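First comes the structure, then the notes that go with it.
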Amino acid sequence: MAGQLKEVRNRIKSVQSTQQITKAMKMVSAAKLRRAQDAIVQMRPYAKKLQELLSNIVSNTEVEGGKSLATARPVERVLFIVITSDRGLAGAYNANVIKLAKQTIADKYHQQSSKGNITIWSIGKKGYEHFSKNNYKVSDSFKDIFLKLSFSNVQEASEAAVRAFQNKEFDAVEIVYSEFKNAATQKFVVEPFLPIPKASNSGKATKADFIFDPNKEELIAELMPKILNTQLFKAVLDAQASEHGARMTAMDKASENANELLRSLRISYNRARQAAITTELTEIVSGAAALQG
């Protein structure tokens, strides 16, 4: 009985230690989430307007300077830029991003995949580790971006994708990431990156009414890569905020589960202790009765 009580006490101490860790991680994630959320909230309207501008121009003008980035061609080779985190303990966050990427490959690019024409650039170590272990063609060039996240680092990845598309190394580029909604909600999306998608006209044709100065071709050729850089940076900021939100939520749930487990263990401990006391009293009474007899 004493051994059973000691085992329960050890389990209680172990759960309490784990709970301290999960509470600390929740507080750290909450602090990081506030900064990441501020960054994506400020970035999102700017990036959205630039993307609308770019799609509208592509839909309504013939621009030689940027035509190579907007022209669709038969898709033989596909690049996926998959944005995950560097660390785990974020619930199903990384698993959902990876699952969406694999599902998109299976559903949309099954033929290209069967020929080995799918390449993955992983931003974040978790995605790189998974795809490497599962024999995908994956590059480690940009997996460490989150170690020192900045616009210039993301710009390198964007410019590399643009060069690869222009050189016809890839015929389509897709971004897979988690769009931040709030701390408890993320939306996992696949977003076309290249060729630049045209604006969707729901029944009505929209006309781009822009005045270009100095030169339309030169100006748009300069703007297109910059807007693409912003689009990828926005996706990375979305993913970063989603990661911290998912980790904060996961650690909060883990702390709640620890409370439930502690409650159950304390009940078990009290029952075992009461049983031990009852046994001892019974032995004392029995011994006294035997002496009197």
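The values are calculated or read from the model by the stated rules, or taken from the named source; none is laboratory data. Just so it is clear, the structure is predicted and the values come from calculations on it, not from any experiment. Backbone-built Cβ (ideal geometry, glycine too); neighbour counts: all protein chains shown. Surface areas here come from the heavy atoms of the whole protein model, side chains and all, with no ligands, DNA or RNA. Shrake-Rupley method; radii C 1.70, N 1.55, O 1.52, S 1.80 Å.
Within the stretch 3-11, does at least one residue satisfy the condition of being on the phi < 0 side of the Ramachandran plot and modelled with pLDDT of 90 or more?
yes
Could you list all residues from the stretch 248-278 that are touching a residue at least 12 places away in the same chain (Cβ under 8 Å) and closer than 14 Å to Q4 by Cα?
Within the stretch 248-278, L265, R266, S268, Y269, A272, R273, A275, A276 qualify.
Of all residues being over 30 Å from A24 (Cα atoms) and of a type in the set (K, R) in the stretch 252-288, which is surrounded by the most Cβ atoms within 10 Å (Cβ to Cβ)? Just the residue, please.
Per the stated criteria, the residue is R273.
Checking S29 against (1) open to solvent by less than 20 Å² (accessible area, probe 1.4 Å); (2) not basic (K, R); (3) not in a helix (DSSP H, G or I), only one condition comes out false. Which one?
(3)
Considering only residues that are polar (S, T, N, Q) and either over 12 Å from V236 (Cα atoms) or in contact with a Phe, Trp or Tyr (Cβ under 8 Å, 6 or more places away or on another chain) (or both), which ones fall in the stretch 122-152?
S122, S132, N134, N135, S139, S141, S152 - these are the residues of the stretch 122-152 that are polar (S, T, N, Q) and either over 12 Å from V236 (Cα atoms) or in contact with a Phe, Trp or Tyr (Cβ under 8 Å, 6 or more places away or on another chain) (or both).
Conditions tested, residue by residue: (1) within 23 Å of K32 (Cβ to Cβ); (2) acidic (D, E); (3) modelled with pLDDT of 85 or more.
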residue: Q231; (1), (2), (3): no, no, yes
residue: A239; (1), (2), (3): yes, no, yes
residue: H244; (1), (2), (3): yes, no, yes
residue: T249; (1), (2), (3): yes, no, yes
residue: Y269; (1), (2), (3): no, no, yes
residue: A289; (1), (2), (3): no, no, no
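Which of (1) within 45 Å of the chain's Cα centre (by Cα); (2) surrounded by fewer than 11 Cβ atoms within 10 Å (Cβ to Cβ) does L291 not meet, given it meets every other one?
Looking at each condition in turn, L291 falls short on (1).
Mind checking which residues of the stretch 224-245 are among the aliphatic types (A, V, I, L, M) and touching a Ser or Thr at 6+ places or on another chain (Cβ under 8 Å)?
Hits for the stretch 224-245 are L228, L232, A239.
Restricting the first residue to the stretch 123-140 and requiring it to be in contact (Cβ under 8 Å) with a residue 40 or more places away in the chain and on the phi > 0 side of the Ramachandran plot, which pairs with a second residue that is part of a loop (DSSP other than H, G, I, E, B) and crowded, with 21+ Cβ neighbours inside 10 Å meet a Cβ separation below 7 Å and a spacing of at least six or different chains?
If the second residue must be part of a loop (DSSP other than H, G, I, E, B) and crowded, with 21+ Cβ neighbours inside 10 Å, the pairs left are G124/T84; G124/S85; G124/K143.
What are the residue pairs meeting all of these: first residue in the stretch 38-57, first residue farther than 14 Å from L223 by Cβ and touching a residue at least 40 places away in the same chain (Cβ under 8 Å), second residue small (G, A, S) and open to solvent by less than 80 Å² (accessible area, probe 1.4 Å), Cβ atoms under 8 Å, and 6 or more apart or on different chains?
If the second residue must be small (G, A, S) and open to solvent by less than 80 Å² (accessible area, probe 1.4 Å), the pairs left are A39/A241; I40/A241.
Are there any pairs, at least 6 apart or on different chains, whose C-beta atoms fall under 6 Å, with the first in the stretch 3-24 and open to solvent by 70 Å² or more (accessible area, probe 1.4 Å) and the second in a helix (DSSP H, G or I) and polar (S, T, N, Q), and if so, which?
K23/S255
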